[in-house]
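The values are calculated or read from the model by the stated rules, or taken from the named source; none is laboratory data. From a predicted model like this one, the values you see are computed outputs, not experimental measurements. No Cβ is skipped: glycine too gets one built from the backbone with ideal geometry, and neighbour counts run over all protein chains shown.
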Amino acid sequence: MLMFGVRAILRRQAYHMATDFRQFDEHGFPIAPRFQDLKVPGEEVPRRPNVSVRTKRLVLVAVLLGIVVPVIFGPQIVSAVGQGVAEWFSSRAEQKFWHGDYAGAISDLGHAIGWSPHSWELYFRRAQYREKVDDLNGSLADWNQLLGLTESTEVLSFVYSGRSWIYVRLERYREALDDATHAVRLSPTPENLNTRAYIRALANLELPEGLVDINKALEEVGEGNPQFLDTRGYLLFLMDRSDDSLKDLKRAILLSESDRRRLQTQQFMDPREWTLRMKEMEHNLAVMYHHRGLVYDKLGHKDDADHDLRHAQELGYNPAQGVL
């Protein structure tokens, strides 16, 4: 009985030792069970599937591309894409302009601005294109927008000068003269001096100051610039100095007609560029012939006046379209 009882006790202890999942350290304290020790006898614990190193790398790359790269480089990527699209529309607008599709060119520049809204060059071109189609308010809006897009003194000088001409066409002469003065202060070039002098003539304001402007411009470029001579001739006419005016206007027309004959022989030029330059030259001559016609009329040369005024109309003199 004793041996049986001892054996029974030993068997129970052995059973409990086998079924007790707890383990003890060398000091007799229990060790925290591990996950695999908690399994129910006879039940298999599912093993974690093995993942290859290549798969792990692919997952890491996907995370980088999907999360990290957009967060860090997203703005740069969007900016680069936008700039590329804007340049494409801008290039197409230029091609349309040279083919005489001004409306299409303006539309494409609008798309380009949508992709690159802080590009002063795009607004600058659209302002000029809009003036070309007599959209004066649209052009004025673009010139206004330009003032907040650049701090370049040279560019701002062009902006004020360009806007001044829109004000002239809108017959807002005081604002036109203010802008022309801003342009001269920023960059007192002969061109800006001529612009202010001519606006003073068109507005019939500050004529002596206009004469000072144009004389200074001619001192810098010489007496061979027909547009500058026309400006001075018109100012002298308005100041009742018709004889001096006639001298300047005759020389201006002589030089311009010579330039036009020279352009007519330049067949190597791109036909579209040639056509635009020829049209611009004819418009300049139209203004000069009109001015000389006024002088002839004031001097009592009726036939000469009629001839020049009629020829000015044939060449495209038209104040409503900016040829004035």
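Considering every residue within the stretch 299-322, establish whether at least one is surrounded by fewer than 20 Cβ atoms within 10 Å (Cβ to Cβ) and part of a strand (DSSP E or B).
Yes, some residue in the stretch 299-322 is surrounded by fewer than 20 Cβ atoms within 10 Å (Cβ to Cβ) and part of a strand (DSSP E or B).
Can you name the number of the only condition in (1) free of Cβ contacts under 8 Å to residues at least 24 places away in the same chain; (2) of a type in the set (Gly, Ala, Ser); (3) over 29 Å from Gly100 (Cβ atoms) that Ser157 fails?
Evaluating Ser157 over (1) free of Cβ contacts under 8 Å to residues at least 24 places away in the same chain; (2) of a type in the set (Gly, Ala, Ser); (3) over 29 Å from Gly100 (Cβ atoms) leaves (1) as the failure.
Report, by residue number, each residue of the stretch 220-279 that is more than 35 Å from the chain's Cα centre (by Cα), assigned to a helix (DSSP H, G or I) and of a type in the set (Asp, Glu).
Asp243, Asp244, Asp248, Glu257
Could you tell me which numbered condition Lys247 fails, if it satisfies all but one of (1) buried (at least 17 other Cβ atoms within 10 Å of the Cβ); (2) out of contact with any Gly (no Cβ under 6 Å at 6 or more places or on another chain); (3) within 24 Å of Glu280 (Cα to Cα)?
For Lys247, the failing item is (1).
Have a look at Glu280, Glu220, Glu273, Glu314 and point out the one that is more than 21 Å from Gly210 (Cβ to Cβ) and at pLDDT 95 or above. Lay out the reasoning, then the answer.
Values: Glu280 fails: at pLDDT 95 or above; Glu220 fails: more than 21 Å from Gly210 (Cβ to Cβ); Glu273 fails: at pLDDT 95 or above.
Answer to the selection: Glu314.
I need the full set of residues from the stretch 265-294 which are under 22 Å from Ala320 (Cα atoms) and hydrophobic (A, V, I, L, M, F, W, C), in order please.
Selection gives Leu276, Met278, Met281, Leu285, Ala286, Val287, Met288, Leu294.
Contact list please: Cβ distance under 7 Å, first residue in the stretch 233-256 and within 18 Å of Ala197 (Cβ to Cβ) and touching a residue at least 40 places away in the same chain (Cβ under 8 Å), second residue among the polar types (S, T, N, Q) and crowded, with 21+ Cβ neighbours inside 10 Å, pairs at least six apart or on different chains.
Sorted first by the residue in the stretch 233-256, then by its partner, the pairs are Gly233/Ser245; Phe237/Ser245.
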